[in-house]
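Asks: Structure below; questions to follow.
The values are calculated or read from the model by the stated rules, or taken from the named source; none is laboratory data. In this text, all values refer to a predicted model and were calculated from it rather than measured experimentally. Virtual Cβ from ideal backbone geometry, glycine too; neighbours counted across all protein chains shown.
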Amino acid sequence: MIYIVLLFAILFMSFIVYNLYSNYKNEKERERKRKIARYKEVITDTDELLLNANHLPYTKTLVLVLQNRILTALNGILECNPSLNSIRTRTADINKQIEYVQKNYTTGEDNPFVNPSNDRQALQMLKSIKKLRRVLRIEHNRGKVAPDAYLAEDRRLETLQVKINITSLLNHLHNAHVARQWGTCKQLISMGQQVLKAVSQPDAWLQGKQEEIQSINESVNHEIAELNKQDMEQSIKKEEQNELDQLFQPKKKW
């Protein structure tokens, strides 16, 4: 009888151990899949940012940061699943791309800033820059980007944001000027001047836009002054006419 009890106890303990091990294996597999999914998401987002190099002036440093971010994610996937040949092929390709960029890439400072053609494109560019600054900060915190390089790149991206905002503002300002919407003009001019004033080291492009806004401001002030002068002259003429009308109006008979 005691042997039967012991046998059942052993079987019961074996069942518990098997379930624990099975749950452990399943959880480990789920965690592996979660890691691979996160790595793939990083690769997809970073690939999208690299495509934007056609619309924004990327520096060599920034391109290498993004490509190495992809390489790190690919290596992470291979650690989770070494049998993925497609990932090995992509890893070899990205290594070649990194080598090419290191030797041949033309830095973004040599590429002129291209104005967004409309508000929609400007918004897309601003979203991309916001993502770039976030990625740059993450890679810096991971020790992947040197402090000096991080500060220089972040400052450059911040300046790009200012340029995009100023371009959109000037488009609206020109439209308001043509439409003679003086209140809107003065509001946009004030906004533009405040934004540019906050830039500690404006480049030639920003200095040119500052002069353009000042020129428009002078033109708007002149046109407002002319309108006020015309309104004043009309008001004086109206008062003079009223006085003449009162002087020569027929006398009432009582």
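Asks: Which of the following residues is farther than 30 Å from Glu31 by Cα and either touching a helix residue (DSSP H, G or I) at 6+ places or on another chain (Cβ under 8 Å) or among the β-branched types (Val, Ile, Thr) (or both): Thr72, Thr44, Thr106, Thr91?
Replies: None of the other options fit; the residue is Thr106.
Asks: Is it the case that the range 68-81 has a residue that's under 18 Å from Lys163 (Cβ atoms) and part of a helix (DSSP H, G or I)?
Replies: no
Asks: Ok, one more. Can you name the residue in the range 17-39 that is touching a helix residue (DSSP H, G or I) at 6+ places or on another chain (Cβ under 7 Å) and charged (D, E, K, R) and, of all such residues, is modelled with the lowest pLDDT?
Replies: My answer is Arg32.
Asks: Follow-up. Being surrounded by 15 or more Cβ atoms within 10 Å (Cβ to Cβ) and outside the structural domain of Gln201 (by TED's automatic domain parsing): is that true of Leu132 here?
Replies: Here the answer is no, as Leu132 does not meet what is asked.
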